[in-house]
Amino acid sequence: MRREDVLISAEALERQREIRRQVMEHNARLPVQPLALVDTYGCQQNEADSEQIRGMLSEMGYGFTEDEQEADVIVINTCAVREHAEMRVLGNVGHLTHTKRNKPSQIICLCGCAMQEPHMAEKIKKSFRHVDLVFGPHVLWKFSELLCQVMDQKKRVFETPDSPGVIAEGLPVVHKGKLKAWVSIMYGCNNFCTYCIVPYVRGRERSRAPELILDEVRQLATEGYKDITLLGQNVNSYGKDLGLDMDFADLLEQVNAIPGDFLIRFMTSHPKDASQKLFETMARCEKVAPHLHLPVQAGSDRVLKAMNRHYDRAAYLDEIRRLRALIPDIVLTSDIIVGFPGETTEEFEETLSLLEQVRYDALFTFIYSPREGTPAAKLPDPMSREEKNRNFQRLVDLQNRISAEKHAAYVGKTLRVLVDGENDDGRHTLTARTDGGRLVHLNGDAALIGTWQQAKITGSTTWALFGELVLD
Ligand code: 5AD
Ligand code: SF4
């Protein structure tokens, strides 16, 4: 991909800004401020995209609401990674026929990965006639114009062009909170794991220019953000398309050098590209969180090959060993798919034994979901749903035991935590996160939210830690 084809031109972005200015003028003359609701499904990339959608809506003069009855514009940002996520979206969109009946001027918009799948966009067109606007991830930057088209022309708009992908810089952003922020460093994926829809809907890998990423982090640090996550489908491929002699580890080092009191996280890392240089950089950089999300997906070499993952069990375990040699208390998390087509229960048991070997702190576990257009969806899949469910339960039970044991080992330790919010568990007033990302329930004054504190861990469960503030 040529860089000039990837970058949306300054003129095109200025045109969108001009449209937003005009809508803002129009909205400012209304007797009450119009309201928008943005609902997000799926991964952090979608969360980051929704922050840009909120940014564009805010520049157009919209306020925000959580109440779908009073919203003038509803945007639902969808996920395509599993069928369950798509079904949930369709259910919720179906339910909006009622809100629109009460408020016929309401504009309903659907965007995100599921809308980039032709069969989903078609379904919305035919069967969900109350939806006014459907747009895919490649035209997110044009949202203001598309929304105007719906309002001015009073017709439904469908814009889901196929594209290897673009980069639109300088879009406005409204962050959800004041502590945690996402920074996209690259978009798309080139890996084509055989089960995964992402490369088809998000396009090819393309990296943002390092200076723009560094500017953004600098700005967030100045504004007081404490927990900054660098995002990409496979951050370890960062820079390969830039021709700059710079890789993800170099970027991490440069982000770490930005002055300020913040923690750097990143996701997702693909094990095939997680380098020794990355591990050494993580160990050296004091702002980089001692946490690595390194999705293994399966423990059997045959299944890993059928998934097109480009590593085997031994290579993965070797990475974990080298990482732990450098950062002994690293928090490790992973994604696992149970029931990939053709996976036998013996092969699944290799996933269980891998869990015993690695001892992850936490896992994201999924039952395989066939995605139309992916190679795995064409494979024979003889295992019954009941057997997959049974295997899934065994996986969850094992991980719960390991998580509980790992959490119990924190008891008695005093750790740095970031107090990040009020607690609604009825017994504690605050929530906090360790540098490794573990949830801690605490009691203390709400004025501490947004500060680093020392917490003595006094108890634990499978899912969380309990602690007391050590105030000096
Ligand atoms: N079925 C089940 N899980 C999937 N994932 C991706 N595609 C599928 C699918 N078709 C999981 C992988 C990935 C995570 C984000 O979602 O584990 O790492
Ligand atoms: Fe999907 Fe694999 Fe790309 Fe991750 S690396 S987004 S699982 S194709």
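The values are calculated or read from the model by the stated rules, or taken from the named source; none is laboratory data. Note that this is a predicted model, so its numbers are computed, not measured. Glycine gets a Cβ as well: all are built from the backbone with ideal geometry, and neighbour counts include every protein chain shown. When the accessible area is computed, the model is the full protein with side chains, heavy atoms only, and any ligands, DNA or RNA have been set aside. Shrake-Rupley method; radii C 1.70, N 1.55, O 1.52, S 1.80 Å.
Structure values in brief
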| quantity | calculated |
| --- | --- |
| Odd one out for L252, checked against (1) within 16 Å of ligand 2 (Cβ to nearest atom); (2) in contact with a strand residue (DSSP E or B) (Cβ under 7 Å, 6 or more places away or on another chain); (3) not in a loop (DSSP other than H, G, I, E, B) | (1) |
| Where a residue in segment 240-269 is closer than 24 Å to L294 by Cβ and open to solvent by 20 Å² or more (accessible area, probe 1.4 Å) and its partner, wherever it lies, is away from ligand 2 (no atom under 16 Å from the Cβ) and assigned to a helix (DSSP H, G or I), with Cβ under 7 Å and at least six apart | M246/P210; E253/T281; Q254/P210; Q254/L214 |
| Pick from segment 199-219, criterion basic (K, R) and more than 15 Å from ligand 2 (Cβ to nearest atom), ranking: surrounded by the fewest Cβ atoms within 10 Å (Cβ to Cβ) | R218 |
| Residue count, segment 132-164 (criterion: surrounded by 19 or more Cβ atoms within 10 Å (Cβ to Cβ) and touching a Gly at 6+ places or on another chain (Cβ under 7 Å)) | 3 |
| Residue, farthest from Y195 (Cα to Cα), within segment 373-401, restricted to residues that are touching a residue at least 40 places away in the same chain (Cβ under 8 Å) and acidic (D, E) | E387 |
| Pairs, first on the phi > 0 side of the Ramachandran plot in segment 305-327, second assigned to a helix (DSSP H, G or I), C-beta under 7 Å, six or more apart | H310/K272 |
| Residue within segment 272-284 that is open to solvent by 20 Å² or more (accessible area, probe 1.4 Å), in a helix (DSSP H, G or I) and within 14 Å of ligand 2 (Cβ to nearest atom) present | yes |
| Qualifying residue in segment 378-400 (condition: small (G, A, S) and outside any loop (DSSP other than H, G, I, E, B)) | no |
| Unmet requirement for M56, which otherwise passes all of (1) open to solvent by 10 Å² or more (accessible area, probe 1.4 Å); (2) under 19 Å from Q149 (Cα atoms); (3) out of contact with any strand residue (DSSP E or B) (no Cβ under 8 Å at 6 or more places or on another chain) | (1) |
| Matching residues, segment 344-372, being touching a residue at least 60 places away in the same chain (Cβ under 8 Å) and among the charged types (D, E, K, R) | D361, R371, E372 |
| Filter result (within 30 Å of G339 (Cβ to Cβ) and either part of a strand (DSSP E or B) or open to solvent by 60 Å² or more (accessible area, probe 1.4 Å) (or both)) within segment 412-451 | L439 |
| Evaluation of G339 against (1) open to solvent by 10 Å² or more (accessible area, probe 1.4 Å); (2) at positive phi (one fails), failing number | (1) |
| Unmet requirement for A409, which otherwise passes all of (1) closer than 28 Å to R322 by Cβ; (2) crowded, with 17+ Cβ neighbours inside 10 Å | (2) |
| Inter-residue pairs, beta-carbon under 6 Å, first part of a loop (DSSP other than H, G, I, E, B) and in segment 176-190, second hydroxyl-bearing (S, T, Y), 6+ apart | I185/Y238 |
| Residue within segment 299-306 that is assigned to a loop (DSSP other than H, G, I, E, B), crowded, with 17+ Cβ neighbours inside 10 Å and within 15 Å of ligand 2 (Cβ to nearest atom) present | no |
| Of all residues in segment 29-46 being open to solvent by 50 Å² or more (accessible area, probe 1.4 Å) and closer than 18 Å to V174 by Cβ, the one that is farthest from the chain's Cα centre (by Cα) | Q33 |
| Test: residue in segment 171-179 that is modelled with pLDDT of 95 or more, within 16 Å of ligand 2 (Cβ to nearest atom), open to solvent by less than 50 Å² (accessible area, probe 1.4 Å) and not aromatic (F, W, Y) | no |
| So R129, is it open to solvent by 30 Å² or more (accessible area, probe 1.4 Å) and part of a helix (DSSP H, G or I) | no |
| Yes/no for P137 being at pLDDT 95 or above and within 26 Å of F248 (Cα to Cα) | yes |
| Number of the exception - T365 against (1) out of contact with any strand residue (DSSP E or B) (no Cβ under 7 Å at 6 or more places or on another chain); (2) open to solvent by 30 Å² or more (accessible area, probe 1.4 Å) | (1) |
| Selection status of K413, touching a residue at least 40 places away in the same chain (Cβ under 8 Å), over 26 Å from the mean Cα position of the chain (by Cα) and within 22 Å of D361 (Cα to Cα) | yes |
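One line per residue, one yes/no per condition, for (1) farther than 30 Å from P161 by Cα; (2) in contact with an Asp or Glu (Cβ under 9 Å, 6 or more places away or on another chain); (3) more than 15 Å from ligand 1 (Cβ to nearest atom):
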| position | (1), (2), (3) |
| --- | --- |
| V198 | no, no, no |
| M267 | no, no, no |
| K277 | yes, yes, yes |
| T281 | yes, yes, yes |
| G299 | yes, yes, no |
